[in-house]
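For reference, the structure discussed in these notes is given below.
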Amino acid sequence: MSSIYRPPGESSSTLWQERSNLDGIFVMAVAYGCLLIIFLYCARLFLGEQKQLSRKEWSLFVYTSLVFTLATLFVGFQLKFTQMTFIDDRAYPGGPAAFNIDYYPYGVSLGANCSFVILNWLADGLLLYRYVMIWSFTYPMLILPGSMYVGSIVTSICLLVSIERTGGFWGKEAVKFGIAYWTLSISLNIIITVLIVARLILRRKRMRSALGDEHGHMYTSISAMLIESAALYSVWGLVFLITYAKNSAFNNILLPALGQVQAIATMLIITRVVEGRGWSRDTSAGVAERLRQFRFGTGTAESISKDQPSGATLTELRSREGKDIAKPEDYHPPTFNTKPDSITGYDNDDDEQRTIVYRNA
């Protein structure tokens, strides 16, 4: 419905541009509220109950705090710029839309862009680190994602420079660097996620073949975690990229919340790792011990409950049951009798000698 009080001299497209800018701030505020809740929960996991943090946990907490700080700075800068656009300088010639375009490269808007770009570097770096950790750092596997990560950093810097030089986010040069930057960043997230999930599925298959079909459940949930976390940013970023490339005003609704969405995805991964439900180096050690235990005959598949947290190591699992850890040196290799149809060995639970005779003997 048309209004008799609409600003004089502004077209419908200009008004839509202004509405989309304001709507994007509302969406950003909702996303930031979700991020705030997740961060407070994550901080409680780190600092609650007078917990003594290890060096690794302190590093994760500092990283989490830095991501949240950058996201908060971005929100603060954006809110200030919105105040300038719609309140402080609302009489600017051409209206809020013209002010947004003309003053986007300067001041608080530039601070928001820098905060967003650095946050993106940290989030992509975390996913790349997890990829290297799960794949045990093989140089050939690092060439493609590593090159894409460096490329995204370079193009993001070029984007910031072009915004300042050409005087806007929607300039021809800025759009080219923007498309290249978000294409690399989103593609990097998708590729790394696929590679990590493939690795986890392969390990789940090995666990199931060795211990039984009921095991390897935690790898399914880890795969789901990575898919959902990457999709959260990838889908949002992909829709934004399409609208940005088409110069649609709808990108104004998606862009302010893009950094918050990526911060949420990053925070969810860290939260699950701290809870013991995410993949970590302890998980890798636990899986290796389980397979080693099975090979040495020091336990059965049934002794490892699939209800245990995926982040727990075998040491934790066995200690909860009041059992000592079976070591390779405790293994007594079977000694063969003269009869080929039976074997004699020692049982690892009570060290008694036992003989197994095959039915077809």
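The values are calculated or read from the model by the stated rules, or taken from the named source; none is laboratory data. Keep in mind that what you see is a predicted model, and the values were worked out from it rather than measured. Cβ coordinates were reconstructed from backbone atoms using ideal geometry, including for glycine residues, and neighbour counts include every protein chain displayed.
If you go through segment 167-212 one residue at a time, how many are free of Cβ contacts under 8 Å to residues at least 12 places away in the same chain, assigned to a helix (DSSP H, G or I) and within 18 Å of Tyr103 (Cα to Cα)? Total meeting the criteria: 2. Just checking, does segment 193-215 include any residue being surrounded by 16 or more Cβ atoms within 10 Å (Cβ to Cβ), more than 22 Å from the chain's Cα centre (by Cα), farther than 20 Å from Ile270 by Cα and charged (D, E, K, R)? Checked against the condition, which is being surrounded by 16 or more Cβ atoms within 10 Å (Cβ to Cβ), more than 22 Å from the chain's Cα centre (by Cα), farther than 20 Å from Ile270 by Cα and charged (D, E, K, R), segment 193-215 yields at least one hit.
So that you can scan it fast, the table gives a plain yes or no per residue for (1) at negative phi; (2) of a type in the set (Phe, Trp, Tyr); (3) part of a helix (DSSP H, G or I):
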{"position": "Gly9", "(1), (2), (3)": "no, no, no"}
{"position": "Phe61", "(1), (2), (3)": "yes, yes, yes"}
{"position": "Thr69", "(1), (2), (3)": "yes, no, yes"}
{"position": "Tyr92", "(1), (2), (3)": "yes, yes, no"}
{"position": "Ser109", "(1), (2), (3)": "yes, no, yes"}
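Inclusion of Thr220 among residues that are under 30 Å from Ser109 (Cβ atoms), modelled with pLDDT under 85 and among the hydroxyl-bearing types (Ser, Thr, Tyr) is not warranted.
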